[in-house]
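Worksheet: the structure to be examined is printed underneath.
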Amino acid sequence: MAEDAADRPSAPDPSVVPEQERAALEELAVRIAVEAGRLVRDERPRAVDVHRTKSTDLDVVTLMDTRSEALVRRRLAEARPDDGVLGEEEGVTGGTSGLTWVVDPIDGTVNYLYDLPAYAVSIAVVVGDPTRPGAWSPVAGAVVAPRTGEVFSARAGGGARLRRSDPAGDHADEAPARLRVSDVRDLAGVLLATGFAYDRQVREDQARVVADLLPRVRDVRRLGAAALDLCHVAAGRVDAYYEVGTHAWDVAAGALVVAEAGGVVTGLGADDPPSETMVVAGGPAAHATVRAEVERLLRRG
Ligand code: IPD
């Protein structure tokens with residue numbers, strides 16, 4: 001439910017990091033995410049094994065999630081030894097600079113397991129504490145989908161871009177195209193992306209909400225990678241996205257890409273920050289409509 005404003009921490013201003021440094025951080029995020037993306041794509045075993053499970057039997061980790069995060073951490077330690085890191089697989093490593101890298105080494109792990117191409121490496125750098133919703137702000141980030149070669153990136157105040165990496169995946173070599181969200185207003189015209197939790201019980205509520213929305217929107221998409229869902233909102237490929245149960249590493253980079261493409265990203269309440277409780281993203285009009293509908297449906301219980 002919408003969070004109590006009095007308990008909400010204030011998000012730090014990303015412009016405490018000078019523009020030139022933000023641009024350099026964006027390029028570093030792109031470079032490392034492209035390298036990690038190439039690793040997970042090129043060294044994917046023919047049959048991917050589930051290495052372990054986490055929150056539930058459905059929440060899987062492959063050996064390549066672990067290897068990808070290790071590579072990202074190595075590159076960050078070389079380039080930015082004073083920064084912290086919050087990684088999906090290894091948790092938090094503290095830093096002294098006030099900046100923390102938030103890393104999803106493979107977003108869309110179940111797609112990766114099944115060799116579906118919709119997976120990505122997501123890397124953001126944030127100011128503040130990424131373990132507390134509302135207490136952090138993204139400064140720069142990149143989401144790289146190695147099977148399509150798409151490289152989404154953004155920096156605070158500097159816009160959002162899409163390039164393609166070269167076939168070897170060494171670097172992003174295409175001139176970047178600026179991203180812009182769609183301007184769909186009516187719910188009936190919204191192509192809506194969503195995702196479902198790894199917890200089977202939570203899915204019962206999610207099924208109820210999506211069943212109510214499905215006949216009233218243009219259609220629903222469930223891609224299986226939250227970072228890519230957000231980038232697709234930024235590119236106007238879907239009009240809005242919502243999901244319960246995502247973590248900072250799923251959304252930190254993608255949320256910045258949406259915001260810098262002119263979109264809005266919140267939690268369940270109009271002023272709530274994105275959190276595990278809810279992430280809603282879209283162009284300003286589609287966001288407002290979808291957020292209000294999802295809040296109404298969840299409050300109805
Ligand atoms: C998951 C994916 C999925 C979403 C889940 C996420 P992971 O991330 O983004 O689409 O529905 O909420 O946890 O586990 O593949 O990194």
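If ASP229 meets every condition in (1) charged (D, E, K, R); (2) under 17 Å from LEU162 (Cβ atoms); (3) free of Cβ contacts under 8 Å to residues at least 24 places away in the same chain apart from one, which number is that one?
(3)
Would you mind stating whether ALA11 is surrounded by 13 or more Cβ atoms within 10 Å (Cβ to Cβ), among the aliphatic types (A, V, I, L, M) and free of Cβ contacts under 8 Å to residues at least 12 places away in the same chain? Spell out how you get there, then give the answer.
Details: surrounded by 13 or more Cβ atoms within 10 Å (Cβ to Cβ): yes; among the aliphatic types (A, V, I, L, M): yes; free of Cβ contacts under 8 Å to residues at least 12 places away in the same chain: no.
When the stated conditions are applied, ALA11 does not pass them.
Just to confirm my filter: which strands (runs of 3 or more DSSP E) fall fully inside the stretch 15-134 and include at least 3 residues that are among the small types (Gly, Ala, Ser) and closer than 30 Å to ASP272 by Cβ?
Details: elements: 50-53, 60-62, 84-87, 91-93, 99-107, 120-128.
Passing ranges, in order: 120-128.
Take the residues of the stretch 243-263 that are assigned to a helix (DSSP H, G or I) and near the ligand (Cβ under 10 Å from one of its atoms): which is farthest from the chain's Cα centre (by Cα)? Give the steps one after another, and end with the answer.
Taking the stretch 243-263 and keeping what is assigned to a helix (DSSP H, G or I), we get 248-260.
Next cut, near the ligand (Cβ under 10 Å from one of its atoms) only: 249-251, 254.
On the way: TRP249: 7, ASP250: 4, VAL251: 3, GLY254: 4 Å.
Restricting to residues being assigned to a helix (DSSP H, G or I) and near the ligand (Cβ under 10 Å from one of its atoms), the top hit is TRP249.
Just give me the residues in the stretch 188-236 being at pLDDT 95 or above and of a type in the set (Phe, Trp, Tyr), in sequence order.
Within the stretch 188-236, PHE196 is the sole residue that qualifies.
From the residues in the stretch 168-187 that are more than 20 Å from the chain's Cα centre (by Cα) and farther than 30 Å from ALA288 by Cβ, which one is modelled with the highest pLDDT? So that I can check it myself, show each step before the final result.
We begin by selecting, within the stretch 168-187, every residue more than 20 Å from the chain's Cα centre (by Cα); these are 168-171, 173-175, 183-187.
Next, from what is left, pick out any that are farther than 30 Å from ALA288 by Cβ: 168-171, 173-175.
Details: ALA168: 62, GLY169: 57, ASP170: 59, HIS171: 61, ASP173: 63, GLU174: 69, ALA175: 81.
Of everything passing the filter in the stretch 168-187, ALA175 is modelled with the highest pLDDT.
Look at the stretch 215-242 and say how many of its residues are assigned to a strand (DSSP E or B), open to solvent by 10 Å² or more (accessible area, probe 1.4 Å) and within 15 Å of the ligand (Cβ to nearest atom).
Within the stretch 215-242, the first condition is being assigned to a strand (DSSP E or B), and the residues that meet it are 219-221, 240-242.
This time we only want the ones that are open to solvent by 10 Å² or more (accessible area, probe 1.4 Å), so: 219-221, 242.
Retained after the next criterion (residues that are within 15 Å of the ligand (Cβ to nearest atom)): 220-221, 242.
Qualifying residue count for the region: 3.
Identify the single condition in (1) open to solvent by 20 Å² or more (accessible area, probe 1.4 Å); (2) under 23 Å from ASP59 (Cα atoms); (3) not β-branched (Val, Ile, Thr) that SER275 does not satisfy, given that it satisfies every other one.
Of (1) open to solvent by 20 Å² or more (accessible area, probe 1.4 Å); (2) under 23 Å from ASP59 (Cα atoms); (3) not β-branched (Val, Ile, Thr), only one is false for SER275: (1).
If a residue has to be open to solvent by 60 Å² or more (accessible area, probe 1.4 Å) and of a type in the set (Ser, Thr, Tyr) to count, how many in the stretch 190-214 make the cut?
Counting residues in the stretch 190-214 that are open to solvent by 60 Å² or more (accessible area, probe 1.4 Å) and of a type in the set (Ser, Thr, Tyr) gives 1.
List the number of the failed condition for THR56; all other conditions in (1) closer than 22 Å to THR246 by Cβ; (2) open to solvent by less than 20 Å² (accessible area, probe 1.4 Å); (3) out of contact with any helix residue (DSSP H, G or I) (no Cβ under 6 Å at 6 or more places or on another chain) hold.
With respect to (1) closer than 22 Å to THR246 by Cβ; (2) open to solvent by less than 20 Å² (accessible area, probe 1.4 Å); (3) out of contact with any helix residue (DSSP H, G or I) (no Cβ under 6 Å at 6 or more places or on another chain), THR56 is out only on (2).
So which residues in the stretch 266-287 are out of contact with any helix residue (DSSP H, G or I) (no Cβ under 8 Å at 6 or more places or on another chain) and acidic (Asp, Glu), if there are any at all?
Residues satisfying the conditions are ASP272, GLU276.
The values are calculated or read from the model by the stated rules, or taken from the named source; none is laboratory data. Being a predicted model, the structure only gives us computed values, none of them experimental. Every residue, glycine as well, gets a Cβ built from its backbone with ideal geometry; the counts of neighbours run over all protein chains shown. The protein model used for the area step is the full one, side chains on, heavy atoms only, and it has no ligands, DNA or RNA in it. Shrake-Rupley method; radii C 1.70, N 1.55, O 1.52, S 1.80 Å.
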